[in-house]
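Down below is the structure, laid out as structure tokens.
The values are calculated or read from the model by the stated rules, or taken from the named source; none is laboratory data. Quantities reported herein were computed from a predicted structural model and do not represent experimental measurements. FYI the Cβ positions are ideal-geometry reconstructions off the backbone, even for glycines, and counts take in every protein chain you see. Each accessible area value is taken on the protein alone, full model and side chains, heavy atoms only, with ligands, DNA and RNA left out. Shrake-Rupley method; radii C 1.70, N 1.55, O 1.52, S 1.80 Å.
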Amino acid sequence: MTDLQTPLVRGKRKKKLVDYLVQFRWIFVIFFVLPVSSLIYFNIYLGDMWSAMKSEKKRQKEHEENVQKVVKRLKQRNPKKDGLVCTARKPWIAVGMRNVDYKRARHFEVDLSAFRHILEIDADRMVAKVEPLVNMGQISRATCPMNLSLAVVAELDDLTVGGLINGYGIEGSSHIYGLFSDTVVAVEVVLADGRVVRATKDNEYFDLFYGVPWSQGTLGFLVSAEIKLIPVKEYMKLTYTPVKGSLKDIAQGYADAVAPRDGEVPDFIEGMVYTETEGVMMTGVYASKEEAKKKGNKINSVGWWFKPWFYQHAQTALDKGEFVEYIPTRQYYHRHTRCLYWEGKLILPFGDQFWFRYLFGWLMPPKVSLLKATQGEAIRNYYHDNHVIQDMLVPLYKVGDALEFVHREMEVYPLWLCPHRLYKLPVKTMVYPEPGFELHQRQGDTSYAQMFTDVGVYYTPAFIFRGEEFDGAEAVRRLEQWLIENHSYQPQYAVTELNEKDFWRMFDASHYELCRQKYGAVGTFMSVYYKSKKGRKTEKEVQEAEAAMLEPAYAEEA
């Protein structure tokens, strides 16, 4: 096994043509991607408004008709010649960064593009019933005027309910409510045999309910979900607190924000680490309009196109010290959308300048799917080799170790810190807390959930900026081994180098495989590892994968 404590020796890196294509890609982004993105966003908005004008009864009727189309399509499949089932959605449309290309080989497509409507906002039950392609911007637009919200609202507008349930979703409220999938009340799934079932945690399909999260749509087609709503207020009172010192000091400052030793736990928590010695922790509590507008309080509408990018605004706390301001709640939810966290700085190097923000900021952000669709094979491979987009889900008490690992191996800044509960569930799902965690009584843990943290690593490593060699694939392999050895997880949207055996060392296969067998997914839907595996899938690989469907996964004891 690679010694993860030994830093790699780095030589000088030679520039290639693709380096210049990436460096000057902003020209293409400004004159094509941004205008087209704006038209797409506007068209989507009109569609959302048209849908909202329909009665709930009509939307539900259309939903049921579309579900029957899916059932009919599945029954048309000939297993002997049509290959494994997948959606008709193009690979580049998904926000995830994996270069999997599983749809380029033989497969049987089912069109789910009609499932993008909010079916019901039930203020009495405090539940929103939505279809899988409903995104975060769409649902917050509908709920926030009612002083309601999803319990977990993932930051980027484009992230969809289906992706967040089948995959991974988190927000600054996840230290209270868990991951996005933990806020789901029920899922409606079309199974391989065409049955349509509604699964909840306490009905006959409870095992499917717990099996769907992290399954990447490989147990059946999610066609609707009922998700928990919570009451909210008009503003978020946000406190910015600078933390300076070593990475371990920053990690402890973050832990004290997540689980304060005295005082109340805030509604929202996130941290940003700007250098190996500086970070800013943000804690937020909901506040009424009356409180926000009291004399002396500062209101900051961060969502306006001309405003400084949020991560740069938060960074000012390092110079001016702790400060407090009030942000409109919906704008706070989507604070990272306009600049795609800090990836916007790489896409448009001058996008954060005041002149660009005032003149063209209203065009931001570029649509991620359009960026992916137009980047070409060379640029796509360049990003895989010379860029990092990873999330490390680590126990709270290991955040300091994770920060030191990322600094040594990748030297990527800023870093995003977001806490989340990992619940001890009735069944052992693909991700689960450390065995016996409740006995240690560590900071942030409870008897029913272990506190984890998402360490978000999104940027170009400093080695690249310094002209040094950086092997992206090797860096990811080392990161994945660190995660496996520290009972931590890698969300499956990210680029992975895991082989099948290591994939099932990181994740637990037992309950997932039981669901695959019980609900007929074997031989119909591809396995979650096969779907996550990096690289193009050849016809031979498809056949081998289908032949291996009945073999047990590599489930090993941690």
message = For residue 14, give me every one of the lysines with a C-alpha distance below 19 angstrom, ignoring sequence neighbours fewer than eight places off in its own chain.
response = none
ask   = Can you tell me the accessible area per residue over segment 188-271, all protein chains present, probe 1.4 angstrom, in square angstrom?
value = 38 Å²
message = Run the numbers for residue 14 and residue 41: contour at 0.36 nm per residue of separation, minus the present Cα-Cα distance, in nm.
response = 5.8 nm
message = Can you give me the solvent accessible area of residue 56 with a 1.4 Å probe, rounded to the nearest 10 Å²?
response = 90 Å²
Those lysines that a straight Cα-Cα span of less than 21 Å connects to residue 75, excepting residues fewer than 8 apart in one chain = 103, 518
task = Determine the share of segment 326-375's accessible area contributed by carbon and sulfur atoms, expressed in whole percent, with a 1.4 angstrom probe.
result = 68 percent
inquiry  = Under 14 Å between alpha carbons: how many lysine pairs meet that in segment 151-300, if sequence neighbours fewer than 8 apart on the same chain are excluded?
reply    = 8
task = Just order 473-485, 283-295 by mean Cβ neighbour count inside 10 Å, highest at the front, would you?
result = 473-485, 283-295
inquiry  = Explain nothing, just compute: Karplus ³J(HN,Hα) = 6.51 cos²θ - 1.76 cosθ + 1.60, θ = phi - 60°, for every residue of segment 214-225 in order, whole Hz, x for Gly and Pro.
reply    = 6, 7, 6, x, 9, 10, x, 9, 6, 10, 6, 8
